[in-house]
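Everything below concerns the one structure shown next.
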Amino acid sequence: MRLSDVAVWRFEGPFEADGPRAELSSESVAAALTKARSYTLRLIDGLPLEALHRPLGPFMSPLIWDLGHIAAYEDLWLSHRCAGSALLRPDLASVYDAFETPRATRVDVPLLAYGDALSFMQEVRDRTLATLADRGPHPVFHEMVLRHELQHTETMLQAMRLSGLDGAHGSGAEAVDGTGLELVDVPAGCFRMGASEDGFAYDNERPRHVVELTPYRIARTPVTNASWLAFTEGGGYRRREWWSDEGWSWKEKYDIGDCPSSRSGHPDAPVCHVSWFEADAFARGHGLRLPTEAEWAKAATGGGEALLHGVGSVWEWTATEFAGYPGFVAEPYREYSEVFFNRGYRVLRGWSRATHPDLASWSFRNWDLRQRRQLFAGVRLAASRSMGTSATTAMVAAWESRAVRGKARGCGESPTPPAAGGHGGGAGETAPPSRGPSVGEAVRSSEALPEVSIPSRRVDLASKLLSS
Ligand SMILES: [Fe+2]
């Protein structure tokens, strides 16, 4: 597939019914960029300056880094790559490059102060808008920059959650109608997995390909806080046999004995901020397992009737290691996803309540390491047909003592649709070092990308932003 093929939006999943969208003008794309920026800045409005620079540990960036990174990324792609201009601030390229300055080192490098970061953002935006007015919108790169900024807002919300700064943005997830332990049957058969060839999608979502699955079962809803508490109180963090060797070592090393947010959240809301290791142990404790990515995707979109309820509250861990689909082609740059393939990252599907609603997507693939807990991530269970669904005696006793609800509903009901009508990109950037292109690399080599020519000018996310 060539970038020039990515020009028309038409997701073929069962939840998209809005059809082709009108082409967008430069003015419309400019308005969408402005709206995205307003959303970003509202997140940090009113925070003390100290909080923006606060170190948040090796897995998170100080909030102020995200602001500079958003601007550097925009300048790289829209002025440097698209328009051939020199970077506005080449001296900042390395500092705000996600690879050259990984998360653990971002408190050790000289970052722009708040006022200077805002000025940098505005200066970059001024150039972006001037170029946009002159050359018109680029259907891929403007979309990519819009998504990148909004994806970083979820990363920022993670940081704010960790430091107790999320305030009004940290409202709890809504309750789901189930405990997360009710499974429905999915028949054997084939389905098409991945984004279609039309419209914007990240490289790792393509090519769409046929997958055949044997029969399996999958939970109607994500696991709730109440169910997680029952797991904890039933010995979930003490039962060695429920943990993988690596998971147990991780848990012991960091003295992890529960999921704190499971105690503070609504009992019937999906549990959040659990690692893959914990999710895996929870599943083992119930004689179940995590779904593969393909099982999740088929139940969500590929079966003709959607079975999954409660999608969009938390990212959902899958058992699948992040890798390219058969026939994968990296574009527009390898560093977005290919460098993370087959390196132990696990795929997460869906989206979370911290995801900007216009990024909600049924084909987006998030990924992260198994020990990460800062994601707004939860658990959906699955089982092979041969697996049992009954919990251990200890678990049952704990459930009964907490009177965990079990309001099973029949399968086959319509799923919760994406908040803004579909494909859009999820948290991105929430996971690995980051997916930004190498800004420093761009400074050194402006020949890294092939010339791109796309005749039709459409920016899908801008359409959503302007209508939401
Ligand atoms: Fe980024």
In the stretch 72-95, which residues are among the hydrophobic types (A, V, I, L, M, F, W, C), in a helix (DSSP H, G or I) and over 17 Å from Arg147 (Cα atoms)?
-> Leu92
Going by the conditions given, is Leu56 away from the ligand (no atom under 14 Å from the Cβ), under 21 Å from Leu375 (Cβ atoms) and in contact with a helix residue (DSSP H, G or I) (Cβ under 8 Å, 6 or more places away or on another chain)?
-> yes
Name the pairs: first residue in the stretch 65-82 and touching a residue at least 24 places away in the same chain (Cβ under 8 Å) and within 12 Å of the ligand (Cβ to nearest atom), second residue acidic (Asp, Glu) and part of a helix (DSSP H, G or I), Cβ to Cβ under 6 Å, at least 6 apart or on different chains?
-> Ile70/Glu149
Right, Thr355: under 26 Å from Asp268 (Cβ atoms) and not charged (D, E, K, R) or not?
-> yes
Which one is surrounded by the most Cβ atoms within 10 Å (Cβ to Cβ), of the residues in the stretch 275-301 that are among the charged types (D, E, K, R) and over 11 Å from Ser244 (Cα atoms)?
-> Glu295
With the condition kept exactly as written, say whether any residue in the stretch 375-398 is within 16 Å of the ligand (Cβ to nearest atom) and either modelled with pLDDT of 50 or more or touching a strand residue (DSSP E or B) at 6+ places or on another chain (Cβ under 8 Å) (or both).
-> yes
Confirm whether Gln151 is within 16 Å of the ligand (Cβ to nearest atom) and within 18 Å of His53 (Cβ to Cβ).
-> no
Taking the stretch 264-309 and keeping only residues that are assigned to a loop (DSSP other than H, G, I, E, B) and touching a strand residue (DSSP E or B) at 6+ places or on another chain (Cβ under 6 Å), one is left with Asp268, Val271, Cys272, Leu288, Leu290, Pro291, Thr292, Leu307
The residue from Ala133, Ala117 that alone is in a helix (DSSP H, G or I), over 30 Å from His273 (Cβ atoms) and assigned by TED's automatic domain parsing to the domain that holds Ser28 is Ala133
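The values are calculated or read from the model by the stated rules, or taken from the named source; none is laboratory data. Computed from a predicted model, the values in this text were never measured in an experiment. Every residue, glycine as well, gets a Cβ built from its backbone with ideal geometry; the counts of neighbours run over all protein chains shown.
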